[in-house]
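> Next up is a structure, given as structure tokens.
The values are calculated or read from the model by the stated rules, or taken from the named source; none is laboratory data. On a predicted model such as this, the values are computed, not experimentally measured, just so you know. As a convention, Cβ positions derive from the backbone with ideal geometry for all residues, glycine included, and neighbour counts pool all protein chains shown. Note: areas computed on protein heavy atoms with side chains; ligands, DNA, RNA excluded. Shrake-Rupley method; radii C 1.70, N 1.55, O 1.52, S 1.80 Å.
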Amino acid sequence: MTVARTLKDAYNAVNPVTPLPPHDPRYVNLTPVRGTDVVDSLFTGITWSDSPMTQLITGHRGCGKSTELLRLRARLEQAGYVVLYFEADDDLDLNDLEYTDLLLTIARRLVSDLHQQGLQLRPTLLEAVETWFSETLYTQEERRDVERELGAEARLGLGLPDGLPLVAYLMARVTNQIKTGRTVKREIRRKLDPQVSQLIGNLNLLLKDADVKIRQQKKQGLVLLVDNLDRIIYRDLGDRRTTHTALYVEHGEQLCDLDCYTVYTVPISLMYSDCASVVRGIFPRHHVLPMIKWHNPDNTLANQGLAYLRSMLSARLDVDELCTPEAVDYLCQASGGHPRDLMILARQACEYAPRDIWPRPITLPVAQRAEADLVADYSRMIPEEHYPLLARVYLTKEVRSDEAHELMLYNLTVLEYINGMPPWHDIHPVVLKLPKFQAALAAERNKLGLVKP
């Protein structure tokens, strides 16, 4: 893939949504400016451990976790592992997710994905699981109706190829109902929740059978990578519970009960909640993918980090042909070291660049106009009561373990940087442009007796 040399090609080259596949020439190794190599840490945990283990990977949304997990999958496959990777939001409703939904989806993926990779699980075991599954959810009459519904045409409608075991279609039908139907979702959960031990037990029987088949093929074992769970909507459930703690704290032990190497993504805000120590106790191996350090805690520029941000743009588009140096520097600093926001800013700059100027149509005013869109986006998500807290974070470079700071981390108004211990935090630079923030900052300086430098 060559770098883009037209505005249209550049617009597509900086797509902020699609993660980069392994060995993509646009990939830039950011380990020197992140301060950690997450892929190496995850890989070591999997390949060195003699028994199955569960690991977490966290970081702000859009920081590059999916790209790194795809690299991890390729590295594990090269080392002889069978890897099941899926994006949770493909199968699950992240606005309303419970742990039984996730376990069902894992079971579905295990049966169908391994079958499509040519690995056949024991038919008698599949039949036994299908029977338990049906008897748990349906009466005999309902089961007969379901079996009639799962004809060839209906099976294709579930998005699965023909030829899979019946249990794969049955679980696909149920997970689709959970994702799309509110009433049926509650009924399925009501029936499965008391049976969760048996659900996990059956899932582990499938995993053990898969492990036997995998090792018969001289492979190392099975690894499950569940991406995009960090996108679970943050919602207060009352009694100091949130949608995040409901999954990872209340039911974290069940997520760790699977007999295979497992990696889940988790919202970074959870690691700063008042339940963070509990999460770390349940999941001892957790890894953070921080932002790229574009500035230092004393607010001076970090030239190495900015150089890597420029490299990310240079790997995708011909910056010398399309951008002025001032525009590139401005976009990199405005991104806050957030890879996805850098791509969003660059794409907006491509759209706003004049078509009748060549070369270097992306100028500083164009970059500033692109930033204005991002400023507007962030201004809409900030509650009034957050502005004094954001001002305090800006001055101290620290966050507190409470609900407000947890939400600011989740909404990306506060970002985490490592590149040397301990981690430190700062507001997203676009927040600096908001008049409400500037007013709150002046008030906070006055309260602390600080003189503006």
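> Pick out the one residue from ASP402, ASP373, ASP341, ASP356 that is under 27 Å from VAL288 (Cβ atoms) and either hydrophobic (A, V, I, L, M, F, W, C) or out of contact with any Asp or Glu (no Cβ under 8 Å at 6 or more places or on another chain) (or both).
ASP341
> Quickly run through the range 295-314 and pick out the residues that are open to solvent by 40 Å² or more (accessible area, probe 1.4 Å), touching a residue at least 12 places away in the same chain (Cβ under 8 Å) and not in a helix (DSSP H, G or I).
PRO297, LEU301
> Now for a separate question. Out of all the residues in the range 269-294, which are open to solvent by less than 10 Å² (accessible area, probe 1.4 Å), under 20 Å from GLY64 (Cα atoms) and not hydroxyl-bearing (Ser, Thr, Tyr)?
Answer for the range 269-294, where residues must be open to solvent by less than 10 Å² (accessible area, probe 1.4 Å), under 20 Å from GLY64 (Cα atoms) and not hydroxyl-bearing (Ser, Thr, Tyr): LEU270, LEU289, PRO290, MET291, ILE292.
> Can you find a residue that is closer than 30 Å to ARG186 by Cα, open to solvent by 10 Å² or more (accessible area, probe 1.4 Å) and out of contact with any helix residue (DSSP H, G or I) (no Cβ under 6 Å at 6 or more places or on another chain) anywhere in the range 71-84?
No, because not a single residue in the range 71-84 is closer than 30 Å to ARG186 by Cα, open to solvent by 10 Å² or more (accessible area, probe 1.4 Å) and out of contact with any helix residue (DSSP H, G or I) (no Cβ under 6 Å at 6 or more places or on another chain).
> I'd like to check something: does the range 246-260 contain any residue that is open to solvent by 10 Å² or more (accessible area, probe 1.4 Å) and of a type in the set (Ser, Thr, Tyr)?
There is no residue in the range 246-260 that is open to solvent by 10 Å² or more (accessible area, probe 1.4 Å) and of a type in the set (Ser, Thr, Tyr).
> What is the number of the single condition among (1) open to solvent by less than 30 Å² (accessible area, probe 1.4 Å); (2) under 27 Å from LEU114 (Cβ atoms); (3) among the polar types (S, T, N, Q); (4) touching a residue at least 60 places away in the same chain (Cβ under 8 Å) that THR58 does not meet?
The number of the failed condition is (2).
> In addition: Within the range 315-333, can one find any residue that is in a loop (DSSP other than H, G, I, E, B), over 21 Å from LYS8 (Cα atoms) and either at pLDDT 95 or above or open to solvent by 30 Å² or more (accessible area, probe 1.4 Å) (or both)?
Looking for residues that are in a loop (DSSP other than H, G, I, E, B), over 21 Å from LYS8 (Cα atoms) and either at pLDDT 95 or above or open to solvent by 30 Å² or more (accessible area, probe 1.4 Å) (or both), one finds none in the range 315-333, hence no.
> Look at the range 151-169 and say how many of its residues are surrounded by 11 or more Cβ atoms within 10 Å (Cβ to Cβ), modelled with pLDDT under 70, part of a loop (DSSP other than H, G, I, E, B) and out of contact with any Ser or Thr (no Cβ under 7 Å at 6 or more places or on another chain).
Selection size over the range 151-169: 4.
> Write out, first by first residue and then by second, each pair whose Cβ atoms fall under 9 Å of each other, whose residues are 6+ apart or on separate chains, and whose first residue, in the range 117-133, is assigned to a loop (DSSP other than H, G, I, E, B) while the second is open to solvent by 90 Å² or more (accessible area, probe 1.4 Å).
Cβ pairs passing all conditions: LEU119/GLN217.
> Can you name the residue in the range 365-384 that is modelled with pLDDT of 95 or more and hydrophobic (A, V, I, L, M, F, W, C) and, of all such residues, is farthest from ALA349 (Cα to Cα)?
ILE382
> With ASP259, ASP230 as the choices, which residue is under 30 Å from ALA79 (Cα atoms) and in contact with a Leu (Cβ under 7 Å, 6 or more places away or on another chain)?
The unique qualifying residue is ASP259.
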